[in-house]
């Protein structure tokens, strides 16, 4: 794939408006969603460079990076290290609407979304214990090992955490469940990250992930369900404590 398609996407930053200084990352996400769903970018197109987007929006590169990460988890874009960020070939028409709704969640709706996400994760873990292939289990083991090695590096720990849950969703072998989890997890991503700021929190989360992994590895749906329920309870507490309303 060429670095840019014939319709040079670098020109599309002209459609973006300057974001007021100090604006939440959610505003950056909403502008990017509007750009990606306007029909001017064809599937597979590369987005303008991160620096260019940051300059046009008048925000720091970290805000753009965080917004793109949320869109990747949602499944709207794909980030290719060393290459760039690309619009996915297939994206659900419902996802941008879901994202826009989620960005405007109030305290009550955030609490409800946490509950929905927990139920989906618990069900996914039980299905994964029944349906995971040996390759799925190996992938989960790899993320557990990264977490163990990243207790001093919370950014790396969080990335392994995210990938672990994504792999469980894939292992559950249910596309609808996976898509719903992608949406809810993305909407809560910023709060999840802000809810894990200390090494002792990472250590507790690591132990909880290990329990989930052992249950899936043992192909024990009941144990997987119970372990994920415990993990979701403490994770929900962390997210609620980080939510600013």
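Summary table
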item	result
Any hit, region 111-128, residues being modelled with pLDDT of 90 or more, under 16 Å from residue 208 (Cα atoms) and not in a helix (DSSP H, G or I)	no
Identity of the residue in region 165-207, surrounded by 16 or more Cβ atoms within 10 Å (Cβ to Cβ) and outside any helix (DSSP H, G or I), that ends up modelled with the lowest pLDDT	195
Cβ-Cβ under 9 Å pairs, at least 6 apart or on other chains, region 143-160 side closer than 14 Å to residue 209 by Cα, far side outside any helix (DSSP H, G or I) and at pLDDT below 90	157/196; 158/196
For residue 173: the one exception among (1) on the phi > 0 side of the Ramachandran plot; (2) under 14 Å from the mean Cα position of the chain (by Cα)	(2)
Check on residue 138, in a helix (DSSP H, G or I) and more than 19 Å from the chain's Cα centre (by Cα)	yes
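The values are calculated or read from the model by the stated rules, or taken from the named source; none is laboratory data. The structure presented is a predicted model; accordingly, all values stated were derived computationally and were not measured. Neighbour counts are summed over all protein chains in view; Cβ atoms, including those assigned to glycine, are modelled from backbone coordinates with ideal geometry.
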